[in-house]
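Have a look at the structure below before the remarks.
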Amino acid sequence: MSQRAPHHVVGDVMTSTVVAVGPDALFKEITGAMEQWRVTAVPVLDEQGRVVGVVSEADLLHKEELRDSEATLVGQREHLTDWAKAGGVTARDMMTTPAVTVPSGASLPQAARLMAQHAVKRLPVVDAHGVLKGIVSRSDLLKIFLRTDEDLAAEVRREVVDRFLPVSRPGIGVTVDKGRVTLTGPVADPALIPVVERLARAVEGVVDVRCDLIAPTTAAGRGDR
């Protein structure tokens, strides 16, 4: 039996070239880096290259948002963190910490869940010591859906049909159209049909699955009509 194809991890799709700043980077240096590299957030690194925080456009905009706000005692209490960031001049003052990071060996669904939970568009990717290795964005996670239909069909047949339907596989059809998989044909053990459908959906890059697999008795009955 062939070895099951490994799923991609964050390290496979991340961008390795990352613009980052140190804790003492000044406001204008940070905005200049964002403009030059066309990014909306930058990791903040300590001397060992470990991610200690992230400065985003939202963090920087506190300075503009609160410029004309009335600095009443009540207002300061309600927006204490925002006021602190608005008065900051270095990355250390303005960054969001602790940073939400993801290990390079994390799965793509894990990274997607982290982004959703923390409402961020990208995550710094770190090694076991917290050292920056890259950055992963929403668009990076979607790269897996650029696989060709031919590639998807080959993996579904090899990793699902051939492995889990060894008896029935000669009569099983696998077609893919724009990422949508269709499975057809009789299956000797009908109990495996929902299992095969679920496994086909789990293949990276598959958008949807139409399962038209049938039990042998059903196939025979249709043939007698």
Taking Lys and Arg as +1 and Asp and Glu as -1, residues besides K121 with C-beta under 12 Å from its C-beta add up to 0
Tell me, in nm to one decimal, what length is gained between A112 and L26 on full extension, where the rule is 0.36 nm per residue of separation less the Cα-Cα distance?
-> 27.8 nm
Lys and Arg at +1, Asp and Glu at -1: add these up for the other residues within a Cβ distance under 13 Å of V131 and post the number.
-> -1
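Using 0.36 nm per residue of separation minus the Cα-Cα distance, give me the extension gain between A215 and H129 in nm, one decimal.
25.7 nm
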Ordering R38, R163 by the accessible surface of their heavy atoms, 1.4 Å probe, largest first, yields R38, R163
Once you treat every alpha carbon in the range 104-225 as an equal point and sum by Debye, what is log10 I(q)/I(0) at q = 0.13, 0.19 Å⁻¹?
-> -0.64, -0.97
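The values are calculated or read from the model by the stated rules, or taken from the named source; none is laboratory data. It should be emphasised that the depicted structure is a prediction, and the values quoted were computed from it without experimental measurement. A quick note on method: Cβ atoms are made from the backbone with ideal geometry, for glycine too, and the neighbour counts reach across all protein chains shown. The accessibility values were calculated without ligands, DNA or RNA, using every heavy atom of the protein model including side chains. Shrake-Rupley method; radii C 1.70, N 1.55, O 1.52, S 1.80 Å.
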